[in-house]
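The values are calculated or read from the model by the stated rules, or taken from the named source; none is laboratory data. Keep in mind the model is a prediction, meaning the values are calculated, not measured. Methodologically, a virtual Cβ is constructed for each residue, glycine included, from the backbone with ideal geometry; neighbour enumeration extends over all protein chains shown.
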Amino acid sequence: MKVLRWIDDHLEEVLLIIFSVTMVVAIALQVFMRHVMNSSLSWSEELARYCFIWLVYIGISYGVKKQRHIKVDVMLVLLKDKAKIVLNIVSNIIFLGFAIFVVIYGYDISKQLLGFGQTSPALHIPMGIVYLATPVGMGLTAIRIIQQLIKQFKALLGNEEFQVKTEQEVILENKEIQDQIEATENKKD
C-alpha cells in the first residue's frame, strides 16, 4: 500500500524530473560538442524534442493533480462555495470526456505507427513510442480528473472539505507564504 501511495503522490514529479534532466543534459552536451569540440551530435536534438513532448503531456496530468491547470476564473469569483464546486465538477466532466477522447484516438495513432515500423531518424526509436506520450499523458490526466471529481462530490455531499481557489487567491496565498518566510529569515539575522 505504501508503494501505491508513493506512486500516486510522486509519479508525475519523477517522470517530469527524468524528462527534464535528460532534455537539459542532451542540449548541454550538444552545445558543448558544437562550441568546444567543433563537432555535432546527430541524436541530441531529437532526444531533447521527444523528452519535451513527453514532458508536456505528463505536465498536463501534474497540473490537474495540483489543480493548477488553465481555467477561466471569472465565474468562480461570482459564485459561492457549493456553486464553485458544482462548476468545477461540470468543467472536470467535460475535461474528462476530452481526455478519454484523446486517449482513444491517440492510442489508435500510436498503434498504427508501431504497426508501420516507422522509426526516428537519429535514435531509431519506434515513432509509436513517441506518439504514446499523448494517450499515456492524457490517461494519467483522466485518472487525476477522476480523483478530483471524487473529492468534489464528497465535498458537495458535505463529507470532505474541498476548496476551489481562483488564480488571484492562489497568488495572494503564495505572496503571504513568501512574506512569512522572509519575516522568519529577517528575525534570524
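Residue under question is Ser44, and the condition is that it be closer than 11 Å to Leu16 by Cα, among the polar types (S, T, N, Q), crowded, with 16+ Cβ neighbours inside 10 Å and touching a residue at least 12 places away in the same chain (Cβ under 8 Å); does it hold? When the stated conditions are applied, Ser44 does not pass them. For region 68-104, residues that are modelled with pLDDT of 85 or more and not basic (Lys, Arg) total 21.
Out of Lys84, Lys2, which single residue is closer than 30 Å to Phe153 by Cα, basic (Lys, Arg) and in contact (Cβ under 8 Å) with a residue 40 or more places away in the chain?
Numbers: Lys2 fails: in contact (Cβ under 8 Å) with a residue 40 or more places away in the chain.
Every option except Lys84 fails the conditions.
Look at (1) in contact with a Leu (Cβ under 7 Å, 6 or more places away or on another chain); (2) outside any helix (DSSP H, G or I) and you find that Lys71 fails only one, number (1).
Within region 90-101, is even one residue assigned to a loop (DSSP other than H, G, I, E, B) and closer than 29 Å to Ala155 by Cα? Scanning region 90-101, I find no residue that is assigned to a loop (DSSP other than H, G, I, E, B) and closer than 29 Å to Ala155 by Cα, so the answer is no. Note on region 119-140: residues that are over 21 Å from the mean Cα position of the chain (by Cα) and more than 16 Å from Arg49 (Cβ to Cβ) amount to 0. Those helices (runs of 4 or more DSSP H) of region 116-189 in which at least 2 residues are over 25 Å from Asn88 (Cβ atoms) and at pLDDT below 95, considering only elements entirely within it, cover 167-188. Restricting Val90, Val136, Val130, Val102 to those that are within 26 Å of Glu173 (Cβ to Cβ) and either in contact (Cβ under 8 Å) with a residue 40 or more places away in the chain or out of contact with any Leu (no Cβ under 6 Å at 6 or more places or on another chain) (or both) reduces the list to Val90. Selection of region 21-65 for residues being outside any helix (DSSP H, G or I) and either among the β-branched types (Val, Ile, Thr) or within 24 Å of Ala142 (Cα to Cα) (or both) yields only Val36.
Take the conditions (1) of a type outside the set (Lys, Arg); (2) surrounded by fewer than 18 Cβ atoms within 10 Å (Cβ to Cβ); (3) closer than 28 Å to Leu156 by Cα; (4) touching a helix residue (DSSP H, G or I) at 6+ places or on another chain (Cβ under 6 Å); Ile27 misses just one of them, which is (3).
Considering only residues that are farther than 15 Å from Arg144 by Cβ and either touching a Lys or Arg at 6+ places or on another chain (Cβ under 6 Å) or exposed (fewer than 15 other Cβ atoms within 10 Å of the Cβ) (or both), which ones fall in region 53-72? Answer for region 53-72, where residues must be farther than 15 Å from Arg144 by Cβ and either touching a Lys or Arg at 6+ places or on another chain (Cβ under 6 Å) or exposed (fewer than 15 other Cβ atoms within 10 Å of the Cβ) (or both): Val56, Val72. A single entry from Ile94, Ile109, Ile100 fulfils the requirement of being in contact with a Phe, Trp or Tyr (Cβ under 6 Å, 6 or more places away or on another chain) and surrounded by fewer than 18 Cβ atoms within 10 Å (Cβ to Cβ): Ile109.
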